[in-house]
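Just so you know, all these numbers are worked out from the coordinates, no wet-lab data involved. Every value quoted in this text rests on a predicted model; they were computed, and no experiment measured them. Using ideal geometry, Cβ is built from the backbone for each residue, glycine included, and neighbour counts are taken over all protein chains shown.
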Amino acid sequence: MKVFGFAGYSGSGKTTLIEQLIPRLVMEGLRISLIKHAHRGFDLDRPGKDSYRHREAGASEVFLVSDQRWVLMHELRGQPEPPLDEQLAHMSPCDLVLVEGFKNTAIAKIEVHRQANGKPLLYPDNVNIVALASDVRVESPLPWLDLDDVDGIADFILRHQGFK
């Protein structure tokens with residue numbers, strides 16, 4: 001599996017960009033998966049549901065299965081967050097895993113930047129950034145991608161990952 005990431009501050013448009021990129025990459029015949037680094041304390045479950053009650057009772061893992069989807073929830077119970085490579089090992093094979101977040105993980109990534117956020121660029125401090133996608137032109141030695149040019153960004157990723 002090839003892995004490609006997106007980094008940027010909250011509100012920069014990472015999720016929206018990825019949401020627009022996935023169908024374009026799928027149209028190229030690729031099987032796409034995604035790992036998103038979530039904020040501390042997120043929960044997919046709801047109090048009162050059986051799976052929630054089982055986790056609260058101390059189960060390390062709860063596997064929910066239906067005719068539409070399945071999900072495996074693993075409680076860390078004080079253990080450190082596993083690194084990205086361990087998380088990737090749990091995924092089914094695919095052509096490309098898109099990774100949202102994981103700013104400091106050593107994978108090639110596009111920095112998504114929105115000037116209105118008023119935040120500094122992660123580049124050049126982050127050596128894993130291979131391009132900048134922004135709503136305004138950014139002068140740097142890296143390729144600049146117009147945040148509104150989703151087809152151009154998809155093409156950049158396909159070329160960078162060796163699919164074109």
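Looking at the chain, which longest stretch skips every one of the GluC sites (Glu not before Pro) that is in a DSSP loop with at most 13 other Cβ atoms within 10 Å, leaving the sites themselves out?
1-74
Scanning the chain for chymotrypsin sites (Phe, Trp or Tyr not before Pro) in DSSP loops with at most 16 other Cβ atoms within 10 Å, what's the longest stretch left with none?
Result, exposed sites excluded: 43-162.
Where does segment 1-89 land on Rg(C-alpha)/(2.2 N^0.38 Å)? Working shown, then result.
Working: Rg = 16.0 Å, N = 89, 2.2 N^0.38 = 12.1 Å.
Relative to the rule-of-thumb radius for its length, segment 1-89 sits at 1.32.
Between the helical axis of 14-27 and the dominant principal axis of the chain, each derived from Cα atoms, what acute angle in degrees is found, rounded to the nearest 10?
So the helix axis and the longest Cα principal axis differ by about 90 degrees.
How big is the antiparallel share of DSSP beta bridges in the chain, given as a percent to the nearest 5?
20 percent
For residue 34 and residue 155 in one chain, what is 0.36 nm times their gap in residues minus the Cα-Cα distance, to one decimal in nm? Walk me through the numbers on the way to the answer.
Details: separation 121, 0.36 × 121 = 43.56 nm, distance 1.82 nm.
Separation in residues times 0.36 nm, less the Cα-Cα distance, equals 41.7 nm.
Would you mind computing, in nm to one decimal, how far apart the modelled labels at residue 66 and residue 79 are, each placed 7 Å from Cα along Cα→Cβ?
Computed distance between label sites residue 66 and residue 79 equals 2.8 nm.
Which whole-number percent is the relative contact order of the chain (Cα, under 8 Å, 6+ apart)?
With pairs under 8 Å counted, the relative contact order is 33 percent.
Cross-link candidates for residue 109: which lysines have Cα within less than 17 Å, leaving aside residues fewer than 8 places away along the same chain?
2, 14, 36
How far apart, in nanometres, would the label points at residue 116 and residue 104 be if each is projected 7 angstrom from Cα along the Cα-to-Cβ direction?
Going from the residue 116 label point to the residue 104 one covers 3.1 nm.
I'd like the antiparallel share, as a percent to the nearest 5, of DSSP beta bridges with both residues in segment 24-118.
The antiparallel fraction comes to roughly 50 percent.
So which residue, out of 71, 150, 130, gets the largest mean-square fluctuation from a GNM of the chain using Cα contacts under 10 Å as springs?
Comparing 71, 150, 130 in a Gaussian network model of the chain, the most mobile one is 71.
Taking the chain as the reference, fit the longest principal axis to its C-alpha atoms, fit the long axis of helix 150-160 to the helix C-alpha atoms, and give the angle between the two in degrees, 0 to 90, nearest 10.
90 degrees
If I take R0 = 30 Å and measure r between the Cβ atoms of residue 87 and residue 20 in this structure, what FRET efficiency does the formula 1/(1 + (r/R0)^6) give, to the nearest 0.05?
Working: r = 24 Å, r/R0 = 0.80.
The formula returns an efficiency of 0.80 here.
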